[in-house]
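Peer 1: Take this structure first; my questions come after.
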Amino acid sequence: MLSDKSTFRLLSAPALLLLAALTVIPILLLFGLSLTSWSLLVPGSFKFSFVNYAERMFSDENFVHSLGVTFYYIIVNTLIQMTLGFLIAFLLFRYTKLRFLRAIMIIPMLVPPAVVGLMWKMMLIPNLGGLDYYLGLFGIPAIDWLGNPGTALAAVTIASVWEWTPFVIVVMLAGLDSLPRSPLEAAVMDGASTLKTVFYVIIPMLRPIIIVTLLLRIIESLAILPVVFMMTGGGPARATEAINLYAYHVGLEYLDIGYAASILVAFIFILLIFCTPIILSSLKSDSK
Amino acid sequence: MRKTVLAALMSFMPFTAAHAVDWKRYEGQEVNMICMTITWCVALEDQLADFEDLTGITVNLDLFEESAAHQKVRTELASGSGAYDIVWVQANWSIPYAKQGWLEPLQPLIDNPDLTDADLLGFDDLMPSLTNLMRFEGALYGLPFFAATIITYYRADLLEAAGIDPAQLDTIEGFSAAVKALNKDGVAGVAMRGHPDESSWHQTVFMKGLGGGYVEDIKNENYQPTLTSPEAIEAASLYADMIANYSPDGAINFKFSDVVVAMQQGNTAIIMEGAPLGGRINDPEKSTVRGKLGYAMVPQGPNGRHPAFTGHGVALAADAPNQEPAWLFLQWALSRDLTLKIALESNHVAVSRNSVWQDPTFIEKWNLPGAGGDFLKAFQDSLNAADPDYRPRISGWGEVNRSYGEALQSIMLGDKSAEEAMADAQAKAVEVMTRLGYIE
Amino acid sequence: MIGVQDKSGKATALNFSGYAVVFLYLLFVLYPIFWIALLSAKNEVQAFADPPLFIFQPTFENYYNLFVEENFGDYLLNSIIVAISSSVICLLFGVPMAYASARVKTKNTQRILAWVLISRMAPAMTYVIPYFVVFSQLRLIDTHFGLILTYSTLNLPLVIWLMRSFFLKDSTEIYEAASMDGASAFQTFFRIALPMATPGITSTGIIAFVVAWNEFIFALVLTRRHAVTAQIGIGNLQKYEGTEWGQMAAGAIILILPAILISVFISKFFVQGQTSGSTKG
């Protein structure tokens, strides 16, 4: 008969092997491919080369541009989602009568991203979406939302806020619900205003949860890809094309596999750059 | 002597009879085809039932919008999943695909009397200028179904009201002056394609007409990009100016269907568009301008007249699992009778067969109503004047084309001056050509 | 401030604006879905009417055409096949590991669990290019099997983490008692832990279904025609001769349905899935 220990190993082995095959191998392969100049359209291009990192990436304006869009998504989309999400979560927490709304609030994050993109695209098409009509009531002229770089970027942000703010709300609500009551009540007794209570009591107490949420939102900020794909395809003039969509175009449209792989490796490093300080600061506060 | 002749004939006849194509041979099989939503393929969809009746073969035809179809064809050929037996190939891509060994050479199939009915195929009747676009190193990799070039469509009534002589549209200078004069009272002066994937198709008229070019010398395969020449910059700013300032809203992202709709709806004075779209532009149900249009060749510049020319064809994927039934289908689909039938029943006018161009019923149907100029004449004159080598037909062109289109877009948006934008496009083009080994 | 609301005028005004913000947000969340639902029941003229129409003669033509003229039925079937298979397979592989990782609380377990989580966080695009290359060689492109396999990168970590949290809730005394009675670890797992985890397995399975149902990037790159899922199929409705907006809206509503049904079902349970239950790019 098997010992308990080997039983547990046996129970874990299939899942671990499957997951390793599906994640470790591809990532290693990705690193390997990034060191080639392999293009499926150029015969004999499967050669070891450092050119992607050494030259190509830094002289590639489209790459640099996509980095800018990436930072925009990471910073702007995440900040708006976090702020709005916290605000709504706080209000839902405070107005207990609105409890029933919690289930409705999570709908957007369950809606397929492709549908989110299509939906907002339709909303922004003149007449079809009706949005121009409402803006017109306030005297704002019709805007070709998806036709101009600035407004297209804003449109993607709106869709991302729609899709992902609920995630922040849900997590923040869970955090708020689990807060100990006594400090809050003490604050009220002291006559602190709502605003002061929020900033000096609630936010510090929620700090660990806020950090984790922020981390998750940053890591997934480029999960906006399907939405962008459906709304603008990355345009106009690449205005909404972040680094992962750029890698998609390079790798799967121009079949420039090696370069696309190196772009994705750069992407992984960017995520690390953004996430490491946050992780470190959260570790520091844990050890306090 | 007579006996030997007779004997020879006798021995020959059963031979031919035995080798007639057996159309029911692949009964019950399936053929999968991918194409863009181009007139012929759209019309072909309605004919598939007839082929199934004839052969018992089911054809599944998947249609996608142009850029999506390009990308799907390319990734499918590269990955060779066997999802498609027949793929749509634009002339830009026939050489790169064939070079990679992704397409099946057709000659062996044509030479196989078990699989090919030479009369039905009528190969010599296909326009040679088109079949040549489907060749690589002498071998044939596709059958053309579509002859594309662009012409000018203008609203004769609006021109007359503004006191503009249609003859003025014959030069680039006159054309752009007319565009500016006509842009008033809620009517846009012009609509052309602004989308980065498609703008070079139009822009060629100005680029080459003004004496510029995309690369040094296409005929001699000198692909050194020349996007910063004074002519190229002038052409870019001219084109961007027309789209940014004298076109309908959203024109910077217009693809061909948007241009067609802009004209159909009656609020655009001039469009430059594919001659093959004449039918749709005059669609009796959707068009408000039928009967009001004049037709002319695209304008000429100091360096002549340069309507772009390309062909679309269908090819067999190299890994296609159902190659033989697919080949039967191609012969049937491109046969003279079906080509004519489709041309008469649908919006497909850009036929690839000489005999159909001369067919009286074809001429009668496609003598589109007009208020100036003759549509078929403008189309055919353009085909004759058109330049199949307006851009290098190499794998890197897609990338160069896109970044050139994006540079044009950034001028339209006012983000960059024409000089800056063309310098960027040039740098990108040089990078691509160097990387792919076309230039040092 | 918690439930204790004072009656001063300032507080009332604050409350009022608080409710107004929630109301506006609710409008922002629900209006697009509501609008698309209306759109799906409009014909082309009604769809583009200015000002927008709220009261009109609804038509089900868009839904009908979606299935009769387009292949949307095939796409939906593919989505269902892939989503169900992926959920079931990931449960089969993941639940035993979740149980083991809940029982063995060592540093190594922690490390492995962290790795499982990180593998889930890597952007989908980083996996998809290697998959494209390898699957081309293995002829797995455009197959249900290939897609199901790739969806394991999304769902297996999800199952492991979610189910582990269920198993952690069981008191260890039950397992120890079973062990005292002479049950092997296997028997404890199958006879005691699994039956107790049934509700958790159901909920986890449903979340895994939604994740697979909603997936976009893998399906975009790894399918061609036989295995195309509804998420990709709906984009194919954007074609020339004018996009069929009505049909697209109808397709969108069909694809949203599981989300709406499930949002009600999982609302109370949702928080446990918070760290791993989202889609990726």
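Peer 1: Cα centroids of the stretch A:105-130 and the stretch C:194-261: how far apart, whole angstrom?
Peer 2: Going from one Cα centre to the other spans 15 Å.
Peer 1: Right, another one. Please give the calculated 222 nm ellipticity per residue for chain B, where each DSSP H segment of at least 4 residues contributes -39500 (n - 2.57) and the sum is spread over every residue; nearest 500 deg cm²/dmol? Intermediate results must be reported in sequence, preceding the final value.
Peer 2: Working: 21 runs with 202 residues, N = 440.
Computed mean residue ellipticity for chain B: -13500 deg cm²/dmol.
Peer 1: Moving on. Using a 1.4 Å probe on the protein heavy atoms only, what accessible surface does residue B:95 show? Give it in Å² to the nearest 10.
Peer 2: Using a 1.4 Å probe on the heavy atoms, I get roughly 40 Å².
Peer 1: What Kirkwood Rh does the stretch B:399-440 have if only Cα atoms enter the pairwise 1/r average? Answer in Å. Don't skip to the end; give the middle numbers.
Peer 2: Values: mean 1/r = 0.0968 Å⁻¹.
About 10.3 Å, per the Kirkwood formula over Cα pairs.
Peer 1: Taking amide hydrogens as modeled 1.01 Å from N in the peptide plane, which residues meet the under 5 Å criterion relative to residue B:145, leaving out close sequence neighbours?
Peer 2: B:312, B:313, B:314
Peer 1: Please report how far the C-alpha centroid of the stretch B:214-251 lies from that of the stretch C:54-104, rounded to the nearest whole angstrom.
Peer 2: What the calculation gives is 47 Å, centre to centre.
Peer 1: Hey, another quick one. Against the longest principal axis of chain B, how steep is helix B:418-435, in degrees 0 to 90 to the nearest 10, with axes from Cα atoms?
Peer 2: Helix B:418-435 sits at roughly 30 degrees to that axis.
Peer 1: Need one number: % antiparallel among DSSP beta bridges in the protein assembly as shown, to the nearest 5. If you can, show how the numbers build up before the last one.
Peer 2: Working: 30 of 44 bridges.
That works out to approximately 70 percent antiparallel.
Peer 1: Run the dipole for the stretch A:60-189 about the Cα centre, Lys and Arg Cβ at +1, Asp and Glu Cβ at -1, nothing else charged, and hand back the magnitude in debye, nearest 20. Walk me through the numbers on the way to the answer.
Peer 2: Working: 6 positive and 7 negative charges, 135 e Å.
The calculation lands at about 640 debye.
Peer 1: Taking amide H positions as placed in the peptide plane 1.01 Å from N, state which residues far from residue B:103 in sequence (5 or more) or on other chains have amide H under 5 Å from it.
Peer 2: Counting only residues 5 or more places away or on other chains, the set is B:318.
Peer 1: Follow-up question, since we're still on this one. Got a sec? Charge dipole of chain A, +1 on Cβ for Lys and Arg, -1 for Asp and Glu; which of A:115, A:81, A:130 is way out at the positive end?
Peer 2: A:81
Peer 1: Let me ask something else about it. Compute the long axis of helix B:2-18 from its Cα atoms, compare it with the longest principal axis of the Cα atoms of chain B, and write down the angle in degrees, 0 to 90, nearest 10.
Peer 2: On a 0 to 90 degree scale, this one is about 70.
Peer 1: Let me make sure I get this right: for chain C, a, b and c are the square roots of the gyration tensor eigenvalues over alpha carbons, sorted descending. Under 1.5 in a/c it's rounded, otherwise prolate if a/b > b/c, else oblate. Which is it? Mind dumping the intermediate values first?
Peer 2: On the way: a/c = 2.40, a/b = 1.28, b/c = 1.88.
Note, shape of chain C comes out oblate.
Peer 1: Grab the other residues whose beta carbon is less than 12 angstrom from that of residue B:30, score K and R as +1, D and E as -1, and report the net.
Peer 2: Details: positive: C:225; negative: B:27, B:52, B:85.
That works out to -2.
Peer 1: Residue B:125: net charge of surrounding residues, Cβ under 13 Å, Lys/Arg +1, Asp/Glu -1, itself excluded? Walk me through the numbers before you get to the answer.
Peer 2: Working: positive: B:336, B:353; negative: B:119, B:124, B:337, B:359.
Surrounding charge for residue B:125 is -2.
Peer 1: Something else now. Tell me the chymotrypsin sites (Phe, Trp or Tyr not before Pro) within the stretch A:4-102 that lie in a loop according to DSSP and have at most 15 other beta-carbon atoms within 10 Å. Don't skip to the end; give the middle numbers.
Peer 2: Values: sites: A:8, A:31, A:38, A:46, A:48, A:50, A:53, A:58, A:63, A:71, A:72, A:73, A:86, A:90, A:93, A:95, A:100; in loops: A:38, A:46, A:50, A:95.
Qualifying residues, ordered by number: A:46, A:50.
Peer 1: Lys/Arg Cβ at +1, Asp/Glu Cβ at -1, dipole of the protein assembly as shown taken about the Cα centre: which of B:175, A:234, A:96 is farthest positive-ward?
Peer 2: My answer, from the dipole projection, is A:96.
Peer 1: Total accessible area buried between chains A and C, 1.4 Å probe, in Å² to the nearest 100? Working shown, then result.
Peer 2: Values: alone 16660 and 16980 Å², together 25000 Å².
Counting protein atoms only, the buried area is about 8600 Å².
Peer 1: If I build a Gaussian network model for chain B, linking alpha-carbon pairs within less than 10 angstrom, which residue out of B:78, B:161, B:385 has the largest mean-square fluctuation?
Peer 2: The residue that fluctuates most here is B:161.
Peer 1: Return the value, in Å² to the nearest 100, of accessible area buried between chains B and A (probe 1.4 Å, both sides summed).
Peer 2: That pair hides around 2000 Å² of surface in total.
Peer 1: For the stretch A:104-131, state which residues have at least 50 Å² less accessible area in the presence of all protein chains than in their chain by itself, taking the probe as 1.4 Å and leaving out ligands, DNA and RNA.
Peer 2: In the stretch A:104-131, residues shielded by partner chains: A:105, A:106, A:107, A:110, A:112, A:115, A:118, A:119, A:122, A:123, A:127, A:128.
Peer 1: Would you work out if the stretch B:294-440 is rounded, prolate or oblate? Take a ≥ b ≥ c from the square roots of the eigenvalues of the alpha-carbon gyration tensor; rounded if a/c is under 1.5, else prolate when a/b is larger than b/c, oblate otherwise.
Peer 2: Numbers: a/c = 2.80, a/b = 1.37, b/c = 2.05.
Verdict is oblate for the stretch B:294-440.
Peer 1: For the interface of B with C, what's the total buried accessible surface in square angstrom, probe 1.4 angstrom, rounded to the nearest hundred?
Peer 2: On the way: alone 17720 and 16980 Å², together 33090 Å².
Summed over both sides, the interface buries about 1600 Å².
Peer 1: Output ³J(HN,Hα) for the stretch A:248-254: one whole-Hz value per residue in order, computed from phi by the Karplus curve 6.51 cos²θ - 1.76 cosθ + 1.60 with θ = phi - 60°, and x for Gly and Pro.
Peer 2: 4, 5, 5, x, 10, 9, 8
Peer 1: Give, as a single signed number, the net charge of other residues whose beta carbon lies under 11 Å from the beta carbon of residue A:89, with Lys and Arg counted +1 and Asp and Glu -1. Working shown, then result.
Peer 2: Details: positive: A:94, A:102; negative: A:177.
Spelling it out: positives minus negatives among the neighbours equals +1.
Peer 1: Using Cα pairs closer than 8 Å and at least 6 residues apart in sequence, work out the relative contact order for chain C, in percent.
Peer 2: Values: 261 pairs, mean separation 87.9, N = 281.
The normalised contact order for chain C reaches 31 percent.
Peer 1: So if I place +1 on the C-beta of Lys and Arg and -1 on the C-beta of Asp and Glu, and nothing else carries charge, what would the dipole magnitude of the protein assembly as shown be about its Cα centre? I want it in debye, nearest 20.
Peer 2: Numbers: 64 positive and 88 negative charges, 896 e Å.
With only Lys, Arg, Asp and Glu charged at Cβ, the dipole is about 4300 debye.
Peer 1: At 1.4 Å probe radius, can you tell me the per residue accessible area of chain A in Å²? List each step's numbers first, then the result.
Peer 2: On the way: 11350 Å² over 288 residues.
Result: 39 Å² of accessible area for each residue.
Peer 1: Under unit Cβ charges (Lys, Arg +1; Asp, Glu -1), what dipole magnitude, rounded to 20 debye, does chain A have relative to its Cα centre?
Peer 2: On the way: 16 positive and 15 negative charges, 180 e Å.
Approximately 860 debye in magnitude.
Peer 1: Where in chain C are the helices, taken as whole DSSP H runs, whose Cα atoms extend 15 angstrom or more along the long axis and whose Kyte-Doolittle mean reaches at least 1.0?
Peer 2: On the way: long enough: C:9-40 (46 Å, 1.55); C:72-103 (45 Å, 1.33); C:107-121 (21 Å, 0.15); C:124-138 (20 Å, 1.40); C:144-169 (36 Å, 1.07); C:198-214 (24 Å, 1.09); C:245-266 (31 Å, 2.13).
Membrane-span-like by this rule: C:9-40, C:72-103, C:124-138, C:144-169, C:198-214, C:245-266.
Peer 1: Classify chain A: rounded, prolate or oblate, from the alpha-carbon gyration tensor (a ≥ b ≥ c, eigenvalue square roots; a/c under 1.5 rounded; otherwise prolate if a/b is larger than b/c)?
Peer 2: On the way: a/c = 2.05, a/b = 1.22, b/c = 1.68.
The shape class here is oblate.
Peer 1: With the dipole of chain B worked out from charges on the C-beta (+1 for Lys and Arg, -1 for Asp and Glu) around the Cα centre, which of B:322, B:67, B:358 lies farthest toward the positive end?
Peer 2: B:358
Peer 1: Next question. For residue B:273, which sequence-distant residues (separation of 5 or more, or a different chain) have an amide H within less than 5 Å of its own amide H, given hydrogens modelled in the peptide plane?
Peer 2: B:151, B:153
The values are calculated or read from the model by the stated rules, or taken from the named source; none is laboratory data. Predicted model only: the values in this text are computed from it and were never measured. No Cβ is skipped: glycine too gets one built from the backbone with ideal geometry, and neighbour counts run over all protein chains shown. The protein model used for the area step is the full one, side chains on, heavy atoms only, and it has no ligands, DNA or RNA in it. Shrake-Rupley method; radii C 1.70, N 1.55, O 1.52, S 1.80 Å.
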